[in-house]
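Chemist: Dumping the structure here so I can ask a few things about it.
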Amino acid sequence: MCGIIGYCGPKSTVQVLIEGLKRLEYRGYDSAGVCVCGDGPLTCLKRKGKIRDLQGHVPAATDGRWGIGHTRWATHGEVNDVNAHPHLDCEGRIAVVHNGIIENFAILKEKLQSEGHSFASETDSEVIPHLIEKYYAGDLEEAVKKALGLLKGTYGIVCMHVDQPQLLVGARCGSPLVLGIGNEEMFLASDVTAIISHTKQVVYLEDGEVVTITPSGYRTTDMRDQEIEKRVELISWELEEIEKAGFAHFMEKEIFEQPESIKRAMSGRLDHDQATAHLGGLNMSNRDLLNVERVRIVAAGTSFHAAMVGMYLLESLARVPCTVEISSELRYRNPIVERNTLHFVVSQSGETADTLYAMRELQRKGATVLGICNVVGSTIPRESDGGVYIHSGPEIAVASTKAFTSQITVFYLFSLLLGRMRDLSFEAGKRFIQDLQSVPPKIEQILSRSRSILALAEKYCCYKDFLFLGRGINYPVAMEGALKLKEISYIHAEGYSAAELKHGPIALINDETPSVFLVPEDSLRDKIISNMKEVKSRRGRVIAVAVEGDREVEDIADDLIEVPRISEPFYPLLMVVPMQLMAYHCAVHLGRDVDQPRNLAKSVTVE
Ligand code: F6R
């Protein structure tokens with residue numbers, strides 16, 4: 001969603017801000033703006049559309065010694081130049097960029113208007129500069145704190161004042177903000193990708209904290225002005241990881257990274273001697289784990305599909321009853337927290353508001369909640385009771401791919417760990433590890449056939465509706481296949497259990513609605529083949545994703561995508577890859593904005 005960057009230091013501020021905003025593009029946005037200051041007044045430039053539109057609009061001579069920038073994903077007020085950030089006070093002396101939602105903005109705005117403040121935009125965010133203006137008496141930090149004290153809702157903000165050279169004030173409540181420490185320069189950003197080309201030393205702000213920066217230092221305080229000692233952390237990944245590395249799109253690169261990212265998720269966590277897994281971050285002893293009677297997994301979107309695969313694994317391998325819930329639903333239904341139930345929240349970004357709030361609700365009720373996250377230092381890992389990083393590296397494309405397979409990989413590890421404490425034998429554990437380790441080279445094989453999937457995508461991308469059908473542990477993979485296709489190609493697609501076809505969706509079948517069937521070599525294969533025949537007998541077109549050499553499926557299907565043979569529980573990791581490639585190639589062929597599909601944001605930090 002919205003992105004923030006702030007800078008004070010000797011470099012060209014405009015360049016640092018624009019570069020930072022470009023690196024934040026992946027979060028999804030509809031408009032962008034910067035405000036810089038040198039020796040004169042504030043210069044604020046904002047534009048609906050892409051950063052390149054904004055860049056083209058910045059006069060060559062514009063620069064400054066400090067400034068702030070923003071990419072907006074509209075919540076209050078339509079997408080236009082005026083509603084874009086930064087927002088200014090009445091006199092144009094204070095500028096603010098804001099992520100989040102101010103829930104009580106209407107009351108605040110009315111009051112400020114009655115006091116003579118005039119507003120330019122329809123946004124909730126604009127109340128902030130006006131409140132700061134109201135309280136400013138020479139100390140920006142103090143005025144910001146007074147203003148924030150009146151806000152209800154969520155924010156990550158950065159503010160500047162024309163009279164406070166090279167000073168920025170940032171604050172966080174519910175929307176992430178990170179401080180970057182450079183050499184005689186400082187940065188503030190909503191995520192580290194915006195600043196990693198300048199510094200790897202960062203400080204993550206917590207809710208309720210305020211930071212004031214100048215090129216030579218920073219001060220972190222709480223809202224009551226108490227100084228807070230913060231730990232400086234080092235970002236462990238490299239700039240190259242957020243570059244396209246010769247691929248046409250980040251999504252393509254991330255699909256192709258999966259053999260490596262899956263290996264990283266396993267790395268150092270497999271114990272061959274004991275045929276089990278080690279997951280140190282869980283913060284749980286074997287005795288704690290033995291007491292687990294149930295598991296509940298909570299997540300949104302693609303992470304929810306990974307959680308569903310996790311449920312099948314935990315029940316079948318570890319024999320622990322497991323439920324999975326959509327985080328936004330769980331939070332508002334007053335969930336029952338039972339003793340001895342272990343909770344997981346799954347989130348690539350670690351910032352998804354629905355999942356974060358669901359986690360807090362569960363913790364408030366006394367639950368132990370573990371996170372399965374990718375972004376190191378994000379809110380969920382910091383607030384959870386323990387967890388596992390998936391170590392996929394930065395996922396830049398909005399559509400999640402490598403995070404999905406790594407989240408699942410972590411569920412394989414956790415199921416192995418728990419399974420080995422229950423009825424999974426040493427021999428079975430050994431075989432399990434071998435199978436898991438055979439996944440990356442098998443994915444390589446699938447990726448090497450990307451061109452044939454491209455040909456299929458070209459053949460099918462003109463269709464308007466698709467069904468994706470799988471069963472058992474591959475049912476969530478069918479849902480994920482449908483989600484991938486719809487979010488980046490804008491083709492309507494639904495994912496169903498193949499068995500559910502006859503309970504309704506079969507009414508949609510005709511020669512204009514192709515069905516993608518996932519047909520692994522497993523105990524449900526014959527039943528899926530029957531479902532395929534039902535579709536064929538209604539003139540439906542069938543694309544089957546099946547195991548190499550499965551002639552029976554080949555004879556029935558109109559088109560076939562082959563995946564290597566593997567033992568039953570591991571098919572999701574193979575089956576999903578052709579789905580990702582199919583969606584990718586359809587989107588490219590249709591000329592879609594693959595990495596930043598319309599209306600979508602990478603990290604959904606509002607409810
Ligand atoms: C789909 C996608 C989204 C996210 C969802 C949760 O490709 O990326 O559905 O999976 O918004 O995001 P995280 O995993 O960051 O909590």
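Chemist: In degrees, nearest 10, range 0 to 90: what is the angle between the Cα axis of helix 450-460 and the longest Cα principal axis of the chain?
Modeler: Once rounded, one gets 90 degrees.
Chemist: Right, something else. Sketch the reach of a paramagnetic label on D163 as a point 7 Å from Cα along Cα-to-Cβ, and name the residues of segment 1-40 whose backbone nitrogen lies under 16 Å away.
Modeler: Only 40 pass the distance filter.
Chemist: Which ³J(HN,Hα) values in Hz, rounded to whole numbers, follow from the phi angles of segment 30-35 under the Karplus curve 6.51 cos²θ - 1.76 cosθ + 1.60, where θ = phi - 60° and Gly and Pro get x?
Modeler: 10, 7, 8, x, 9, 9
Chemist: Run the dipole for the chain about the Cα centre, Lys and Arg Cβ at +1, Asp and Glu Cβ at -1, nothing else charged, and hand back the magnitude in debye, nearest 20. Present the calculation step by step, with values, prior to reporting the outcome.
Modeler: On the way: 66 positive and 82 negative charges, 166 e Å.
Magnitude of the dipole: close to 800 debye.
Chemist: Lone cysteines in the chain, defined as no other cysteine's Cβ under 4.7 Å from theirs: which are they?
Modeler: Those would be C2, C8, C37, C90, C159, C173, C322, C373, C462, since no other cysteine Cβ in the chain comes under 4.7 Å of theirs.
Chemist: Let me ask something else. So for segment 253-383, averaging the separation of alpha carbon pairs under 8 Å that are six or more residues apart and normalising by length, what relative contact order in percent results? Walk me through the numbers before you get to the answer.
Modeler: Numbers: 176 pairs, mean separation 28.1, N = 131.
After rounding, I find 21 percent.
Chemist: Along Cα→Cβ, 7 Å out, is where each label goes; now give me the distance between the ones at D288 and H492 in nm to one decimal.
Modeler: 4.8 nm
Chemist: Tell me what the chain gives for mean residue ellipticity at 222 nm when only DSSP H runs of n ≥ 4 count, each as -39,500 (n - 2.57), the sum divided by the residue total, rounded to 500 deg cm²/dmol.
Modeler: Details: 20 runs with 207 residues, N = 607.
Per the formula, -10000 deg cm²/dmol.
Chemist: I've got another one for you. Under a crude label model (7 Å from the Cα following the beta-carbon direction), how far is K263 from V79 in nanometres?
Modeler: That separation, rounded to one decimal, is 4.0 nm.
Chemist: For segment 57-207, take every pair of Cα atoms, bin their distances at 5 Å starting from 0, and report each bin as a whole percent.
Modeler: In order of increasing distance, the bins hold 2, 9, 18, 22, 22, 15, 8, 3, 1, 0 percent.
Chemist: For A277, what residues show an amide H to amide H distance below 5 Å, using hydrogens built from the backbone and excluding near sequence neighbours?
Modeler: When sequence neighbours closer than 5 places are left aside, the close amide H contacts are D271, L417.
Chemist: Which value in nm describes the separation of the simple spin-label points at E427 and E512, placed 7 Å from the Cα toward the beta carbon?
Modeler: With each label point 7 Å from Cα toward Cβ, the separation is 5.7 nm.
Chemist: Let me ask something else about it. Distance cut-off 25 Å, Cα to Cα: go down the list K50/K484; K402/K602; K50/K134; K50/K602; K464/K527 and report the pairs above it.
Modeler: K50/K134; K464/K527
Chemist: Kindly flag which residue pairs out of K244/K536; K48/K253; K48/K459 have an alpha-carbon separation exceeding 31 Å in this structure. Each step should come with its number before you reach the end.
Modeler: Numbers: K244/K536 41 Å; K48/K253 29 Å; K48/K459 35 Å.
Table pairs above 31 Å Cα-Cα are K244/K536; K48/K459.
Chemist: Okay, next question. On a 0 to 90 degree scale, rounded to 10, what angle separates helix 301-313 from the longest Cα axis of the chain?
Modeler: Helix 301-313 sits at roughly 40 degrees to that axis.
Chemist: While we're looking at this one, here's another question. Can you give the FRET efficiency to the nearest 0.05 for Q445 and Q226, using r as the Cβ-Cβ distance and R₀ = 41 Å?
Modeler: Values: r = 58 Å, r/R0 = 1.41.
Once the sixth-power term is evaluated, E becomes 0.10.
Chemist: Could you give the length gained by full extension between W237 and Q201, i.e. 0.36 nm per residue of separation minus their alpha carbon distance, to one decimal place?
Modeler: Full extension of this stretch gives 11.8 nm more.
Chemist: I'd like the Kirkwood hydrodynamic radius of the chain, using the inverse of the mean 1/r over distinct C-alpha pairs, in Å.
Modeler: On the way: mean 1/r = 0.0394 Å⁻¹.
Evaluated over the chain, this radius sits at 25.4 Å.
Chemist: Quick one: putting +1 on the C-beta of Lys and Arg, -1 on the C-beta of Asp and Glu, what dipole do you get for segment 123-163 around its Cα centre, in Debye to the nearest 20?
Modeler: The calculation lands at about 200 debye.
Chemist: How big is the gap, in Å, between the Cα center of segment 310-375 and the Cα center of segment 164-224?
Modeler: 31 Å
Chemist: Now for a different question. Can you tell me the length gained on complete extension of the stretch S118 to E500, counting 0.36 nm per residue apart and subtracting the Cα distance?
Modeler: Going from the current span to full extension adds 131.8 nm.
Chemist: Between G350 and residues 5 or more places away or on another chain, which pairs have amide H atoms under 5 Å apart, with H built 1.01 Å from N, and which residues are they?
Modeler: Here N374, V375 satisfy the definition.
Chemist: Then there is this: Taking only Cα atoms, what is the 0 to 90° angle, nearest 10, from helix 426-437's long axis to the longest principal axis of the chain?
Modeler: Long axis of 426-437 versus the principal axis of the chain: about 60 degrees.
Chemist: Take the alpha-carbon centre of segment 4-54, take the same for segment 225-268, and report the distance between them in whole Å.
Modeler: Here the two parts' Cα centres lie 24 Å apart.
Bear in mind these aren't lab numbers, they're just calculated from the coordinates by the rules spelled out. In this text, all values refer to a predicted model and were calculated from it rather than measured experimentally. Every residue, glycine among them, receives a Cβ derived from its backbone with ideal geometry; neighbour counts consider all protein chains shown.
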